[in-house]
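Below is one structure, written out as structure tokens; comments come after it.
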Amino acid sequence: MSTQDKVQIKKLPTGVPGLDEIVGGGLPEFSFNIIAGAPGSGKTTLAHQFVFANASSERPALYFTVLGESAIKMLRYQQQYTFFDPSKLPDSIRFINLSQVVLEGDLSAVLDQITKEVEKANPAVVVVDSFRTMVRKPKSDMDLQSFIQRLALFLASWQATTFLIGEYAEEELRDNPIFTVADGLLWLRQTTERNSIVRKLQIVKLRGQDSVPGLHTFRITDAGVQAFSRTFGLTARKRNPPGARRLCFGIPELDKMLDGGVPEGDSILVAGSSGTGKSVLATQFIADGVSKGEPAIIAVFEERPEAYALRAANLGLDLETPQKDGKLIILYLRPLDLSVDETMQSILDAVQKIGAKRLVIDSLAGFEMALSPGFRADFRESLYRMIFALTGIGVTILSTVEVDESFTEFPFSTYSISFLCDDIIRMRYVSIDGQLRKVMVVIKMRGGNHAKDIREYEITSKGVVILGKRLTEYQALISGIPVHSDRPDRMEEPA
Amino acid sequence: MAASLKTRDLARCLLNYEAASATSTEPKESAALGVYEKLRQSLSAFAGEAAFESLAFRALTQAKSEAPSLWAVQVTEGGSLQNLGDVEPQSDTDQGLAAKFPAGDGGIILIARLLGLVHIFLGEALTMRLLRVTWPGAALDDCNSENGRKT
């Protein structure tokens with residue numbers, strides 16, 4: 001059978017930002033779905049978003065309410081969301097209460113009532129909320145299974161995309177006849193971790209298409225449910241081949257150490273202890289790009305954008321003009337209770353908004369601290385996903401990370417994330433001749449050669465300035481407590 | 001607190017429309033009952049009988065404080081109204097109200113109270129859409145007395 005002969009399943013927009021990407025492009029038309037989860041997890045809101053996105057006066061949505069939340073109160077609350085369009089009621093979206101039928105009759109009576117309403121309205125979407133209150137009534141599992149199958153068959157025949165909403169616990173997932181019949185199963189979870197609420201959704205099952213596996217963070221805002229795909233919506237985008245272009249810092253000696261700059265699309269880690277000039281280096285990297293017309297993003301966590309720009313101005317770097325010109329966005333991210341995926345989505349949105357080529361994350365420690373405690377466990381994994389996604393579309397990322405200064409070790413990061421980075425620049429203090437001086441070294445460059453020199457530098461009114469010559473009269477410089485060699489003092493040309 | 005002038009105008013509008021649709025010999029209470037029944041069916045369909053019954057009971061309680069002529073009226077199970085047509089007109093205790101809503105206008109007050117509650121819960125946009133669907137031919141936009149009352 002050729003591809004042309006196969007039935008094409010239309011994918012319906014979910015109306016939930018981010019969810020289409022997670023379910024593989026939209027929910028299959030005429031599918032029979034269950035939205036399950038604990039009370040308050042956002043099931044009804046999600047269903048409403050789907051309904052408002054898909055209902056029309058020609059093919060309306062029937063929203064059956066059963067025992068549970070009163071439809072009046074439900075509408076009272078739901079109309080607070082921005083997606084709620086009162087003009088769609090009642091022509092395109094019709095609410096029908098089945099409480100009396102459920103209380104007085106059995107499941108056959110419920111099915112009869114639904115059948116009657118569906119035949120009358122010819123709906124494109126049918127929602128039963130909450131289905132769980134209805135299925136507590138049957139005398140045996142066989143009754144329930146039969147009811148579900150008949151309902152699913154009937155609604156599919158009427159070409160309706162259906163949602164049953166129910167409060168279910170995790171342990172009810174196994175051996176449940178309802179879940180067997182369903183084409184799609186969306187599970188919403190809500191847990192409390194320390195002082196934070198963590199909401200995640202999972203596509204447990206979705207017939208006929210490739211959904212993104214795993215748990216995805218979601219949030220309920222005044223716009224309704226917003227989901228954050230673990231792939232950040234970038235799976236469908238073609239990865240750019242590694243670029244031959246080199247991106248400079250605008251620090252001639254450092255650029256030379258990097259063999260002309262970092263390869264475009266690399267992830268660079270700048271590691272060093274407090275005060276070594278990581279942020280200054282990052283600012284110079286951004287300023288150099290902006291001066292060459294490359295849009296850029298700076299994500300800051302430890303100081304406000306105004307202060308960041310002012311500090312740059314003191315170094316002679318103008319971050320104000322490119323911000324006004326829409327070439328630079330300084331994102332200030334101190335969102336308590338935000339998930340790492342939401343924070344990263346903010347960065348992604350900014351990157352995509354201005355077509356950024358360079359991104360600075362200053363710093364990873366600040367980023368982690370800005371997250372709610374419950375999400376910190378996922379930090380490294382999420383960071384990996386974001387770096388992979390962004391570098392894949394050609395964005396060059398520079399992250400700063402603070403490391404504890406040790407005189408016995410030479411750590412690159414407390415996060416064990418050096419494997420995420422193509423290039424590592426290490427900055428540190430050294431004690432020389434009774435002074436606390438600074439040195440930097442390029443530890444790694446995946447894309448090519450780099451200088452092995454340990455170079456002394458200073459932070460001046462022009463930013464990071466690498467001092468002229470490589471120090472050769474000291475040994476064990478990276479320990480921070482170098483030993484003066486017995487050789488006579490001499491300076492060598494950089495390698 | 002009395003039902004707002006706006007909801008009373010709206011209620012009056014609906015009653016007038018309902019009365020005009022019915023035979024002229026029917027008593028005024030029949031129009032009130034007709035409006036109430038249509039609201040009951042419309043609201044019960046999407047909110048359920050129990051929800052409507054609760055709203056109706058509350059509306060009647062409020063209306064009785066304004067219009068003692070409604071003293072014998074009751075909301076039965078399922079939200080239906082009992083004795084509205086049997087009530088003898090009585091003088092309102094509030095003279096100002098009595099002048100504005102003379103005896104026999106208890107029906108208007110009851111409907112106004114019910115509309116007021118629906119408005120509180122659903123907001124103006126949804127309430128008006130609900131009414132327009134229930135009374136497709138009624139010119140509800142012209143009911144505001146501030147724009148000139150239509151009778």
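The values are calculated or read from the model by the stated rules, or taken from the named source; none is laboratory data. In this text the structure is predicted, and so the values were computed from the model without any measurement. So basically every Cβ, Gly included, is an ideal-geometry build from the backbone, and we count neighbours across all protein chains shown.
Couple of notes before you dig in:
- Within region A:344-368, the set of residues being in a helix (DSSP H, G or I), at pLDDT 80 or above and crowded, with 22+ Cβ neighbours inside 10 Å comprises A:Gln345, A:Ile347, A:Leu348, A:Val351, A:Leu364, A:Phe367.
- Of all residues in region A:96-133 being under 24 Å from A:Glu167 (Cβ atoms) and among the charged types (D, E, K, R), the one that is modelled with the highest pLDDT: A:Glu117
- When A:Glu21 is tested against (1) more than 10 Å from chain B (Cβ to nearest Cβ); (2) modelled with pLDDT of 90 or more; (3) touching a helix residue (DSSP H, G or I) at 6+ places or on another chain (Cβ under 9 Å), just one condition goes unmet, and that condition is (3).
- Residue list for region A:167-188, restricted to those being more than 15 Å from A:Gln202 (Cβ to Cβ) and touching a strand residue (DSSP E or B) at 6+ places or on another chain (Cβ under 8 Å): A:Glu167, A:Ile178, A:Val181, A:Asp183
- Test result for A:Phe30, in a loop (DSSP other than H, G, I, E, B) and either out of contact with any Ser or Thr (no Cβ under 8 Å at 6 or more places or on another chain) or more than 13 Å from every other protein chain (Cβ to nearest Cβ) (or both): yes
- Breaking point among (1) crowded, with 23+ Cβ neighbours inside 10 Å; (2) hydrophobic (A, V, I, L, M, F, W, C); (3) modelled with pLDDT under 90, for A:Ala271: (3)
- Taking residues in region B:50-74 that are within 12 Å of another protein chain (Cβ to nearest Cβ) and acidic (Asp, Glu), and partners anywhere that are crowded, with 21+ Cβ neighbours inside 10 Å and outside any loop (DSSP other than H, G, I, E, B), the pairs with Cβ atoms closer than 7 Å and at least 6 places apart or on different chains are B:Glu53/B:Val75.
- Region A:41-70, residues that are out of contact with any helix residue (DSSP H, G or I) (no Cβ under 7 Å at 6 or more places or on another chain), under 18 Å from A:Leu155 (Cα atoms) and of a type in the set (A, V, I, L, M): A:Ala47, A:Val51
- Residue check, A:Thr162 modelled with pLDDT under 90, surrounded by 14 or more Cβ atoms within 10 Å (Cβ to Cβ) and not in a helix (DSSP H, G or I): no
- One residue from B:Leu10, B:Leu5 being modelled with pLDDT under 85 and either more than 29 Å from A:Val102 (Cβ to Cβ) or touching a Pro at 6+ places or on another chain (Cβ under 8 Å) (or both): B:Leu5
- So A:Pro90, is it modelled with pLDDT under 90, part of a loop (DSSP other than H, G, I, E, B) and more than 14 Å from chain B (Cβ to nearest Cβ): no
- Qualifying residue in region A:230-238 (condition: hydrophobic (A, V, I, L, M, F, W, C), crowded, with 16+ Cβ neighbours inside 10 Å and farther than 27 Å from A:Leu67 by Cβ): yes
- Check on B:Val35, more than 14 Å from every other protein chain (Cβ to nearest Cβ) and touching a residue at least 24 places away in the same chain (Cβ under 8 Å): yes
- Region A:47-81 - residue that is of a type in the set (D, E, K, R) and not in a loop (DSSP other than H, G, I, E, B) and, of those, farthest from the other protein chains (Cβ to nearest Cβ): A:Lys73
- Candidates in region A:201-226 are the residues that are in contact (Cβ under 8 Å) with a residue 40 or more places away in the chain and under 21 Å from A:Ile387 (Cβ atoms); of these, the one that is surrounded by the fewest Cβ atoms within 10 Å (Cβ to Cβ) is A:Val212.
- Here B:Gly48 qualifies as within 22 Å of A:Leu98 (Cα to Cα) and at pLDDT below 90.
- Residue in region A:112-123 that is assigned to a helix (DSSP H, G or I), more than 22 Å from A:Asn54 (Cα to Cα) and within 14 Å of another protein chain (Cβ to nearest Cβ) present: yes
- Looking across region B:122-135, just one residue is at the interface with another protein chain (Cβ under 8 Å from one of its Cβ atoms) and β-branched (Val, Ile, Thr), and that is B:Val133.
- Taking the numbered list (1) in contact with a Leu (Cβ under 7 Å, 6 or more places away or on another chain); (2) at pLDDT 85 or above; (3) not charged (D, E, K, R) in turn, A:Leu371 passes all entries but (2).
- Filtering A:Phe84, A:Phe95 for residues that are in a loop (DSSP other than H, G, I, E, B) and either facing chain B (nearest Cβ under 10 Å) or touching a Cys at 6+ places or on another chain (Cβ under 9 Å) (or both) leaves a single hit, A:Phe84.
- Search result, residues across region A:98-111 that are among the charged types (D, E, K, R) and within 14 Å of another protein chain (Cβ to nearest Cβ): A:Glu104
- Across region A:276-335, the number of residues qualifying as farther than 28 Å from A:Val439 by Cα and touching a residue at least 60 places away in the same chain (Cβ under 8 Å) comes to 2.
- Among residues of region A:430-473, those that are in a strand (DSSP E or B), touching a residue at least 40 places away in the same chain (Cβ under 8 Å) and within 22 Å of A:Asn314 (Cβ to Cβ), counted: 8
The rows are residues; the columns are (1) at pLDDT below 90; (2) within 14 Å of another protein chain (Cβ to nearest Cβ); (3) in contact with a helix residue (DSSP H, G or I) (Cβ under 8 Å, 6 or more places away or on another chain); (4) assigned to a helix (DSSP H, G or I).
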{"residue": "B:Asp86", "(1), (2), (3), (4)": "yes, no, no, no"}
{"residue": "B:Asp92", "(1), (2), (3), (4)": "yes, no, yes, no"}
{"residue": "B:Gly96", "(1), (2), (3), (4)": "yes, no, no, yes"}
{"residue": "B:Ala99", "(1), (2), (3), (4)": "yes, no, no, yes"}
{"residue": "B:Pro102", "(1), (2), (3), (4)": "yes, no, no, no"}
{"residue": "B:Ala112", "(1), (2), (3), (4)": "no, no, yes, yes"}
{"residue": "B:Gly116", "(1), (2), (3), (4)": "no, yes, yes, yes"}
{"residue": "B:Ile120", "(1), (2), (3), (4)": "no, yes, no, yes"}
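- The number of residues in region A:173-208 that are under 23 Å from A:Ile114 (Cβ atoms) and part of a helix (DSSP H, G or I) comes to 5.
- Residue satisfying all of: in region B:53-78; among the charged types (D, E, K, R) and part of a helix (DSSP H, G or I); nearest to B:His119 (Cα to Cα) among these: B:Arg58
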